[in-house]
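J.: The structure is given below, and queries will be raised subsequently.
The values are calculated or read from the model by the stated rules, or taken from the named source; none is laboratory data. Model, not experiment: these values are computed from the prediction. Ideal geometry is used to build each Cβ from the backbone, glycine not excepted, and the neighbour counts take in all protein chains shown. All accessible areas refer to the heavy atoms of the entire protein, side chains included, with ligands and DNA or RNA removed. Shrake-Rupley method; radii C 1.70, N 1.55, O 1.52, S 1.80 Å.
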Amino acid sequence: MKFFINKAVLTHTIFFLLIILSILSYNRVAKELFPPSTLDKIAITGAYAGASSDTLNKIAVTPIEDGIKNYAEVVNIESTILNGSFSIVADIKPNSDMNTLLSDFKSEVSLIRSNLPSDMNEPSVTIVKKAFPLITVTIAGDVDRFTLLDIANKLKQKLLILKDLSKIQIDGDGDKELKVSLNSDKIEALGLDKNLVINAISNLSSIMPIGKIESATQFYISLKNIKNLENIKNMIIKIGNKSVRLKDIATLKYDIQTPSTLGKFNGIKDVSLTIKKGESGDAIALTKKIREITKEFAKNYPDLKFGFSMDTSVWVKNRLNTVVSNIAFGLILVFFAMWIFINKRISFVVTIGIPTSFAIALIFLDYLDFSLNLLSMLGALIALGMIVDEAIVVAENIQRHLEMGKDKVAAAIDGTKEVFWPVVASALTTIFAFLPLLMIQGEIGVFLKIIPIMITILILSSILEAFIFLPLHAKEMLSAKDDAKDKMWEKVNNFYKKVLSLFLRFKWISLIFFLMIIPALTVVGFKHSKFQLFPDFDTTQIYVKGSVESNNTIYDTFKAITPIENVLKEKLGGNDIKSFTTIVGMKLNGKSNIDSAENNFHIFVDLYDRKPTDFYNKYIAPLLIPVASNPDDVRRKKSAQEIAKELKAEYKKLGINIPDLSIEVPGTGMVKSDIVISLTEKNQEKLIKDLKRLQKELSNIKGVHSIYDDAELGAKLLKIKINEYGQKLGITQNYIVSSLRGYFSDSEFGKTIDDKVVKIKLKDINKDKISFFNNFRITIPNTNQEILLSKVAKFVIENNFKKLNKYDGVLAKSVYANLNKKFITTAEVYEKIDPLLNELKKEGVKVTIAGAKKVGKEFMNDIKYAAIVAIILIFITLVAMFNSVLLPFVVISVVPLSLLGVVIGNFIMGMNFTMIGMIGVVGLAGIVVNDGIIMIEFLKDAKNLEDLKNKASLRVRPILLTSITTILGLATLIFYPFGQSVILQPLAIVIGFGLAFSTLLNLFYLPLFFGIIKKIKE
């Protein structure tokens, strides 16, 4: 301290260099809406055209799951099995060696290779890259699909130069295919063996290299592929002892394979590029570059219309504006509070330290590769009041030493030294309260970890500022003859002594009040409090999603949802809906995973920003935002929930016949559905019946909405069982497969080369007619004779789910629902449906609870453990400081008593207890002991009650100031949260009201309890 005071030029130079470095760090650090909220994942995917989900489960999925589920790094496994393909996703514990695990998983997959069909590719194993939606680029125009896709791919190549992009997906894209449609009637008329026809066509083309000749001139040998479609049609193929031209038995054409997704923008067909960024990269800067590249590229295609939708950078800018304005206003409140209660010089000294602490924190964020997002900025807002505590204590003590008559240098050094250990201890207790929150497991732990990290970084930064820069600023700016509010504080101190004297005079009655009445009221308050995972908040997006009939193709679905889009179209140009983007072929399910199917659709409805209604956000916040918002984008008056409710009413009025049509307001990311109940039952009919019973029970509960299940029946299974006659003819299962596959599978039978590799797809023109199957004839083995398939085999038809879901290897079907938290909480819903769930269990149904209840239960277990660790760390810190076990006990006794303030705060603000609020309760433990440390440090040498009162009165000013500044820093978040900042409102309420109540406890209860424990008398 003395060194930095005496070396003023060096200290000022370091100060300005820090500011410059922080500006550079701000430009480098990534800016995004939310931090990552998912665990690391490894995905195993495979496909086999024509295979049923049940078959894939038996031959591939279950063996793979058995191989990987016992790895200690695996948290859980979720599998989705469709007809023809499957996906297994394993969540991995943080800090695991992903490359080693990837290699191990590949080995496990290789072990089952012998069980797979010879023509099935080995399933792929990949590390799932974390991807965050960035922006969607749309391309529309009066040209064919080939042209649009070609242009989209060219734009994609231009955009891929941006290194921080993790994925660019072209909706509606597909590989070029040569489709060969066999005519079985002509094949039979020509007397051709159907199996030999398939073999001949499969050998038409090869892309395999032959070799090379190493002579004076080197030659690489390969086959020259035939590109011209007419030449391919006229190719002669030999089948047995007969030769025919290909066009005589098949129709050929080049086409694009059926896309997995199709897109629309505002109801108009387009080709869209969905662009996502990785964990690194600035969303705002990346989006700006994407727009620039696209606009330059669009100049080459004046007849096409290029557009942008779902631009998350706009949301990032608006949310960061909201939080920055809150921080700026909190800073102003803190500045004037200190000016009013102490003097303007101290207010300047302390206020200068706040941006300095933020500057140091920015450098740390950049170095540690964290991003600026809604949670990290709100963490900074929460820490705002805390980081001035150290500065206030140091500056106030230096001012006190100046008023004692010391010169400026001596006052700065002595005043800082005197409070060095109390300030360090106070900072450490706050850090130790928040840091154990990093022990929270799962996706919630990943999502929330930035809050304790940001608070820790800022508090450490404030310690550096308080002991390096602040003493020098105090020496240069403070004065003993300044306009200190001595008379005001003298009156405050006198009033305080009188009140404290009353508590001390009736000490036993007072102690009963503090140690019995307050805990009793707290218990009653908690007992009558409700719990929900996250508070409801307004968003700028609504989901409209669902599934049409399961036999619909992707093109049928594309047309079928037009009435739904027409309702949204009518609302364009108003004050609510800005645009909407439709993706056909997928939808996000209740667990926020993608459900891919041709009859699924998902419409992302983007809303305008909401107009603020309270005085602060309407008139003050706009003056403090760093980046001006587009006033045309701020026009919405209704909440997203209100708009969703209106859409539901309109769709109901129109009578749109889509049973699982859902209109939802998306949540935070970890829990998309409040209620998720999975049932496992071998009897398919009973399982469907039980799911319907559960949905009916939920629909009768007020406040439960958006109820649906994932037990959609798909295409029926047609199983072939060879009869005894067929067995005598030598017909085997493999023979059946080889005889039918080329006519019914629509699968790949070869490759050729055009401008790029082109797949050859084979099927019969009558493939999709059941009559063709019933009358299909196969060649009897080792003869030239044919026989009806139905003569040698029995056909068994079974119902089949469109997809199978497995959770940790267990097949299950789930019911999903969301809640209106104004009417009911998750716990209350389960209380109402528990009788039915217990009844199902007695019937042998396995019931698994997921969603908010599962996450909440896991979180509560983690938060209890974190709270115990926090208290232990705080206690050890206090023992080290006071060299006593008794004094830390006295200080920490304030913590449970302060919870009554939390209960009162939630009651006044009409807030349920939430997960974020519980984090605030743990953090509160470290904050409330800070004032206790300041008080006990002065009380510990008190000789009698009068001395006790005098010493306690010396700490009134710093205790009140630190509490007032912390509460003022949180004021906008407590009383005027806006948009998604509502997520952290419960935390601010807990800390704000808890600290306010603990201030009274530290001023009156603590001296009283200390005096009784130490047996201090008159």
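J.: Principal axes first, then extents: for the Cα atoms of the stretch 79-127, list largest minus smallest coordinate on each axis, whole Å, largest first.
T.: 37, 21, 12
J.: If you don't mind, another one. Sticking to Cα atoms, compute the Rg of the stretch 752-860 to one decimal and its Dmax as the biggest Cα-Cα distance, whole number, in Å.
T.: 26.2, 75
J.: Per the 1.4 Å probe, what fraction of the accessible area of the chain, in percent, lies on carbon and sulfur atoms?
T.: 57
J.: Would you list the P(r) distribution for the stretch 293-400, with all Cα-Cα distances sorted into 5 Å bins from 0 and each bin expressed as a whole %?
T.: 2, 10, 16, 16, 13, 10, 8, 7, 5, 4, 4, 3, 2, 1, 0, 0
J.: How high is the relative contact order of the chain? Use alpha-carbon pairs under 8 Å, at least six apart in sequence, and give a whole percent.
T.: 17
J.: Separate question: With respect to the cross-link table entries 299/559; 569/702; 759/802; 264/578; 719/769; 167/716, which display a Cα-Cα separation exceeding 25 Å?
T.: Correct reply: 299/559; 569/702; 759/802; 167/716.
J.: Counting other Cβ atoms within 10 Å, keep those with at most 16, restrict to DSSP loop, and tell me which trypsin sites (Lys or Arg not before Pro) in the stretch 53-118 are left.
T.: Here the trypsin sites (Lys or Arg not before Pro) that fit, given the DSSP loop and packing criteria, are 69.
J.: Rolling a 1.4 Å sphere over the protein heavy atoms, what is the accessible area per residue of the stretch 57-113, to the nearest Å²?
T.: Per residue, the stretch 57-113 has 45 Å² of solvent-accessible surface.
J.: Pull up the DSSP beta bridges for the chain and report the antiparallel fraction as a percent, rounded to 5.
T.: Of the beta bridges lying entirely in the chain, close to 90 percent run antiparallel.
J.: Roughly how many whole Å is it from the C-alpha centroid of the stretch 917-935 to that of the stretch 1-69?
T.: 30
J.: Can you give the angle from 0 to 90° between the axis of helix 98-111 and the longest principal axis of the chain, with both taken from C-alpha atoms, to the nearest 10?
T.: Once rounded, the angle reads 30 degrees.
J.: Jot down the radius of gyration and Dmax of the stretch 831-944, Cα atoms only, both in angstrom.
T.: Cα-based Rg and Dmax for the stretch 831-944 come out at 20.7, 73 Å.
J.: Enter the accessible area per residue of the stretch 905-1018 (Å², integer; probe 1.4 Å; all protein chains in place).
T.: Solvent-accessible surface per residue comes out at 28 Å².
J.: Tell me, rounded to the nearest percent, the portion of alpha carbon pairs in the stretch 16-116 spaced more than 20 Å apart.
T.: In whole percent, the long-distance tail amounts to 52.
J.: Another one. For the stretch 274-342, report the accessible area per residue in Å² (1.4 Å probe, heavy atoms, rounded to an integer).
T.: I get 43 Å² per residue for the stretch 274-342.
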